[in-house]
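Remarks on the structure that follows.
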Amino acid sequence: MKIAIVTLNDNCNYGNRLQNYALQVFLKSYADIVKTIWYDSPTDFKLKDIMNLKSAIKFIINRNGYKNYLKKVYVKECIKTYNIRKFSQKYIVTDFVNELDKIVDDYDYFITGSDQVWNPNFWSKSANHANIRFLRFAPEEKRIAYAASIAIPSIPKDKEQFFRESLNEMKVISMREKAGAELVKELTGREVPVVVDPTLLLSKQEWQKIELVPEWYKGEKYILTYFLGNPSPIIENLAKKNNWKIYNLMDINNLDLYASRVEEFVYLIEHAELVATDSFHACVFSILMNTPFLVVNRKQKGVADMTSRIDTLLELFGYQDRYIVDGKCDLSDEEILHMDFSNVKAIQEREIARSTAYMKKALNIN
């Protein structure tokens with residue numbers, strides 16, 4: 001059997017690469033060949049992207065602080081993307097395709113997911129993302145969704161009909177969040193299962209095999225923060241009380257951290273005293289690695305509220321009290337730093353069994 005994965009083509013995000021890798025490993029139990037379809041143009045930052053007359057003029061006149069942007073942002077983004085791309089090249093088997101209709105007969109099934117493949121905010125009209133991520137280039141009997149995520153509270157009115165038609169054309173559907181499953185039901189009447197993100201289909205031991213210790217790390221104790229929105233003073237107080245360092249993965253002024261490799265991301269989460277984040281996959285790996293964590297609820301202006309995916313995750317493992325909301329947390333310092341992970345393995349094994357049953361049925365495996 002040959003299976004193709006269609007997900008977000010991205011060498012800029014740790015969670016995206018890790019879920020892609022995990023789904024590939026999971027599917028290898030059922031297929032001889034599993035490849036990820038890379039249908040977008042490469043997104044890596046390259047010097048040739050800025051080596052043109054327009055950029056040269058902007059540099060000379062320093063329009064809108066262009067010199068500062070190149071020095072403080074662009075070069076560092078290049079390095080980060082390069083490091084993440086190394087993970088893709090090493091671990092993810094990729095089929096680079098310009099015309100998807102030409103590979104339809106090459107694969108028995110196409111699986112869209114996981115990650116936010118059905119979030120219309122992440123679609124480019126010119127790149128035909130909407131149709132690609134619903135697998136509309138393939139026959140309906142080959143279209144499978146595993147842990148697809150919409151990640152927004154509601155479908156925009158102008159896209160409802162497209163969603164309805166595309167969902168009805170899928171062979172089978174599973175969603176990553178309860179909110180997403182409810183949206184599917186509202187639009188189509190279909191009851192669809194909620195399954196775990198692919199990263200939860202691999203054990204702690206399997207993830208430890210790919211970990212890398214950052215070269216700069218000397219064994220000191222630290223709190224790891226990974227905020228896509230604004231942080232909380234609760235973290236600073238805990239660090240100060242315990243004489244721990246704070247390592248912020250989003251600190252662009254600290255290139256060692258900001259450009260961490262994917263394998264280092266996993267290591268840093270496992271060996272932290274506490275993880276504070278508003279990232280879904282940082283929460284996942286904190287749970288997998290039994291690292292205490294807190295979730296900062298996104299309420300920053302201009303940052304999308306996509307907490308439904310985290311809500312589903314925390315409810316699954318019984319960690320609904322791990323939120324920091326409006327800078328406040330109801331837990332004591334002792335409760336924050338000492339979490340009960342005794343049920344994680346059993347819950348994970350149950351969910352792996354559910355996902356296995358779903359996938360076998362989708363692939364017509366007895």
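The values are calculated or read from the model by the stated rules, or taken from the named source; none is laboratory data. Quick caveat, the model's predicted, so the values are computed rather than measured. In this analysis, Cβ positions are derived from the backbone assuming ideal geometry, glycine residues included, and neighbour counts consider all displayed protein chains. Areas reflect the complete protein model, heavy atoms only, side chains present, ligands, DNA and RNA absent. Shrake-Rupley method; radii C 1.70, N 1.55, O 1.52, S 1.80 Å.
For residue 126 paired with residue 25, estimate the spin-label separation in nm (one decimal), with each label point 7 Å from Cα along the Cα-to-Cβ line.
3.7
For the range 133-244, give the percent of accessible area contributed by carbon and sulfur heavy atoms, probe 1.4 Å, rounded to a whole number.
Details: 2470 of 5180 Å².
Carbon and sulfur together cover 48 percent of it.
Work out, step by step, the length gained on full extension between residue 236 and residue 206: first 0.36 nm times the residue separation, then minus their alpha carbon distance; give nm to one decimal.
7.5 nm
How large is ³J(HN,Hα) for each residue in the range 323-331, as worked out from phi by the Karplus curve 6.51 cos²θ - 1.76 cosθ + 1.60 (θ = phi - 60°), to whole Hz, x for Gly and Pro?
7, 9, 10, 6, x, 10, 9, 7, 8
What are the ³J(HN,Hα) couplings of the range 172-177, residue after residue, when phi is run through the Karplus curve with 6.51, -1.76, 1.60 and θ = phi - 60°? Round to Hz, x for glycine and proline.
9, 9, 9, 10, 8, 10
D for the chain, whole µm²/s, Stokes-Einstein with Kirkwood Rh over alpha-carbon pairs at 37 °C and 0.692 mPa s: what number?
151
What accessible area per residue comes out for the range 162-312, rounded to a whole number of Å², with a 1.4 Å probe?
Per residue, the range 162-312 has 40 Å² of solvent-accessible surface.
Using helices alone, what [θ] at 222 nm do you get for the chain, with -39,500 (n - 2.57) per DSSP H run of 4 or more residues, divided over all residues and rounded to the nearest 500?
-11000 deg cm²/dmol
At what distance in nm do the modelled label points of residue 101 and residue 159 sit from each other, each positioned 7 Å from its Cα along Cα→Cβ?
The answer from the label model is 2.4 nm.
Could you sort out which of 80/209; 209/361; 86/345; 2/360; 86/221; 72/240 sit more than 19 Å apart by Cα distance in this structure? Let's see the in-between values first.
Numbers: 80/209 22 Å; 209/361 30 Å; 86/345 30 Å; 2/360 14 Å; 86/221 28 Å; 72/240 29 Å.
80/209; 209/361; 86/345; 86/221; 72/240, as the Cα separations exceed 19 Å there.
For a test of understanding, tell me how many lysine pairs in the range 141-193 have Cα atoms under 23 Å apart, given they are 8 or more places apart or on different chains.
So the count of such lysine pairs works out to 8.
Semi-axes, largest first, in whole Å: what does sqrt of 5 times each Cα gyration tensor eigenvalue give for the range 126-172?
Its equivalent ellipsoid spans semi-axes of 18, 13, 11 Å.
In the range 269-366, if every C-alpha pair distance is counted and binned at 10 Å from zero, what percent goes to each bin?
14, 42, 27, 13, 4, 0
Under a 1.4 Å probe, what is the accessible area of the range 83-125 per residue, stated in Å²?
50
Bin width 5 Å, alpha-carbon pairs only: give the P(r) of the range 199-289 as whole percents, running from 0 to the bin holding the largest distance.
Going out from 0 Å in 5 Å bins, the range 199-289 shows 3, 14, 25, 26, 20, 9, 3, 0 percent.
Sort 166-178, 98-110 by the packing proxy (mean of other Cβ within 10 Å over each peptide's residues), most packed first.
With the highest mean Cβ count within 10 Å placed first, the list reads 166-178, 98-110.
Ranked by accessible surface with a 1.4 Å probe, highest first, in what order do 115, 333 come?
Values: 115 10, 333 60 Å².
Largest accessible area first, the residues go 333, 115.
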